[in-house]
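First comes the structure, then the notes that go with it.
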Amino acid sequence: MTTAGTEPPASAASVHRSGAEISVENITKRFGAVQALSGVTLAFPPGQVTALMGENGAGKSTLLKILTGDHQPTEGSIVWEGRPLTLSSPHEARKAGIRIIPQEPEIIPHVSVAENVYAGSLPRKAGRRLDRAELRRRITTDLARLGFEKVIHPDQLGSELTPAQRQLVEILRALTGDAKVIAFDEPTSSLSENEAEALFALIDRLRAQGIAVIYVSHRMKEIFRLADRIAVLRDGAVAGVLDAGQTDEGEVVRMMVGRDLSSLFVRQDVARDEVVLRLEDVTTDDVSGVNLHIRAGEVVALAGLMGAGRSELALALAGDKPIRSGRILMNGRPLRLRSPRDAIRASIGLAPEERKAQALFLHRSIRDNTSLVSLERLRRWRFVQSRQEKEVAQQFSDRLRVRTPSIEHEVRKLSGGNQQKVVLARWLLRKPKVLILDEPTRGIDIGAKAEIYRIIADLAGEGVALLVISSELPEVLGLADRIAVMQNGHITGELTRAEATEEAILALAMADDLAPVASDRPHTDSADGDAR
């Protein structure tokens, strides 16, 4: 291998013309006293998908930002074909054919999809006017080439796009021009199952074209569906590189966190006889005839495929969607839920699926977000007692091990796992009788998942009735005392912990012709004596 002293550095233009391997060698990055990366050496071969895995804080984002010119390494170099490559800015990285598709899309709200995709390289006529005919030709061609023509329209405004469509615009933007290396950072966090499959098919085509793909995700199923190689970072260093076809989920987890996957779940039998929440033939605009009960200290999982109605049921129980018919009983007494305020007063809490959009004020502090639903308890006369507010926010931040310099830190600056802990801290302060957790570990790393599982077990031990919605079957099986499966707005079946397997859950989730279950599994509840 040549060095900078013997050959001139590679230029962005020369990389642009080649399919050669790009690598990083002995990359170290320090931010003041904090060392984010330490001696990282990794290759990203053309025509292969390299999965980049590690807990939050392991250094994945820092490494991607070095590859895309956002950060400069403190030591080490990016190497192309044996020669150091200097990327002084994102513009230089783009000239070199290096693209990143960020987890948080950057969309211009007042212009069309087509203008968003080609921002910075819009076709112009003489006189510098926008050439709309050429713009239409380009976007139509690219949408068809990438298989997105049925899910997004070129004339839609940025402000009209769904989270999934915003993600697709970022993907389109990255794939314009002659890309050599493409990094995907949690690309499916906002995508439906069908949209995710379209993305996976696209990545397969990119690999076949000789493009080096870097794929960052916490979802093991996706990693083993796509990856040729799995590179694991731990504490800013390379813990190892695995052949995806010769390893398994257990080995990857052990490399990431130093323990087995099975040890992440805390299983204990703490469910009591008292039925806290009962649903009787509950019907909304999205679900029909739902019968369900949850006991104190019980973890009931709600499983099913995307679109089954699970999140819609959760929103109805939180007072955010109207209930058209049926009854909800809390401790045996009928409950009317006309608004989120009614649910909060009834001691029902919800940590929704989209925590950033639905649960958090991202530009407000941890303290503000934690105290949000308990302000009346912290008031004296008309004023919030700031000292008491700080004390309880600090107490629950410490209890849930929120990693932050201060409770005055903005929530948007926290990792996904720590943001989720802030949502949970909010409800722990409120002391709910029922807590609904919708995809509680989506987009967070293995270590943070283990801490969320511990919190769930602790809440069950305190007698909280928990309804957990999850699309990850190992999580459902690891957490639940009982599993109710939904499909097309109905509950199609219920499984005990002993009966539950992935195959049994999927059979109920995909049972198109099954009639809805009319009632809960037959039993007699000692709390109210009703036969179910």
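The values are calculated or read from the model by the stated rules, or taken from the named source; none is laboratory data. What you see is a predicted model; the values in this text were computed from it and never measured. Heads up, the Cβs are rebuilt from the backbone with ideal geometry, glycines too, and the neighbour counts pull from every protein chain shown.
Could you tell me whether any residue of region 121-129 is outside the structural domain of VAL49 (by TED's automatic domain parsing), touching a helix residue (DSSP H, G or I) at 6+ places or on another chain (Cβ under 9 Å) and either surrounded by 13 or more Cβ atoms within 10 Å (Cβ to Cβ) or in contact (Cβ under 8 Å) with a residue 40 or more places away in the chain (or both)? Checked against the condition, which is being outside the structural domain of VAL49 (by TED's automatic domain parsing), touching a helix residue (DSSP H, G or I) at 6+ places or on another chain (Cβ under 9 Å) and either surrounded by 13 or more Cβ atoms within 10 Å (Cβ to Cβ) or in contact (Cβ under 8 Å) with a residue 40 or more places away in the chain (or both), region 121-129 yields at least one hit. I'd like the full set of residues that are modelled with pLDDT of 85 or more, of a type in the set (A, V, I, L, M) and under 21 Å from LEU467 (Cβ atoms), limited to region 398-428. Scanning region 398-428 gives VAL422, VAL423, LEU424, ALA425, LEU428. Taking the listed residues ARG327, ARG379, the one that is closer than 19 Å to ASP285 by Cβ and more than 22 Å from the chain's Cα centre (by Cα) is ARG327, with no other qualifying. Of the residues examined, ILE152 is not one that is touching a strand residue (DSSP E or B) at 6+ places or on another chain (Cβ under 6 Å) and modelled with pLDDT of 80 or more.
Candidates in region 389-414 are the residues that are small (Gly, Ala, Ser) and in contact with a helix residue (DSSP H, G or I) (Cβ under 7 Å, 6 or more places away or on another chain); of these, the one that is farthest from SER371 (Cα to Cα) is SER397.
Looking at region 362-376, is at least one residue in contact (Cβ under 8 Å) with a residue 60 or more places away in the chain and buried (at least 19 other Cβ atoms within 10 Å of the Cβ)? Checking region 362-376: not a single residue is in contact (Cβ under 8 Å) with a residue 60 or more places away in the chain and buried (at least 19 other Cβ atoms within 10 Å of the Cβ).
Taking region 204-223 as the range and being within 21 Å of ALA448 (Cβ to Cβ) and not polar (S, T, N, Q) as the test, the residues that pass are TYR215, VAL216, HIS218, ARG219, MET220, LYS221, GLU222, ILE223.
Just one residue in the set GLY258, GLY309 is under 30 Å from ALA231 (Cβ atoms) and either within 29 Å of the chain's Cα centre (by Cα) or at pLDDT 90 or above (or both); that residue is GLY258. Restricting attention to region 377-389, the residues that are out of contact with any Ser or Thr (no Cβ under 8 Å at 6 or more places or on another chain) and either surrounded by 17 or more Cβ atoms within 10 Å (Cβ to Cβ) or at pLDDT 85 or above (or both) add up to 0. When region 198-219 is limited to residues that are in contact with a Leu (Cβ under 9 Å, 6 or more places away or on another chain) and modelled with pLDDT under 85, the one that is surrounded by the most Cβ atoms within 10 Å (Cβ to Cβ) turns out to be LEU199.
Looking at region 40-57 only, could you name the residues that are assigned to a loop (DSSP other than H, G, I, E, B), farther than 18 Å from ASN26 by Cα and not small (Gly, Ala, Ser)? Residues satisfying the conditions are PRO46, GLN48, GLU55, ASN56. With the requirement that a residue be over 19 Å from ILE323 (Cα atoms) and among the aliphatic types (A, V, I, L, M), what does region 295-313 give you? Correct list: ALA296, VAL299, VAL300, ALA301, ALA303, LEU305, MET306. Where strands (runs of 3 or more DSSP E) fall entirely within region 81-198, those with at least 1 residues that are of a type in the set (Val, Ile, Thr) are at 98-101, 181-185. Just give me the residues in region 404-442 being assigned to a helix (DSSP H, G or I), touching a strand residue (DSSP E or B) at 6+ places or on another chain (Cβ under 8 Å) and more than 14 Å from LEU360 (Cβ to Cβ), in sequence order. Correct list: ARG430 only. Within region 26-40, residues that are in the same structural domain as ILE66 (by TED's automatic domain parsing) and buried (at least 19 other Cβ atoms within 10 Å of the Cβ) reach partners that are assigned to a loop (DSSP other than H, G, I, E, B) and modelled with pLDDT of 90 or more with beta carbons closer than 6 Å, at six or more positions or on different chains, in the pairs ILE27/PRO73; LYS29/PRO73; LYS29/THR74.
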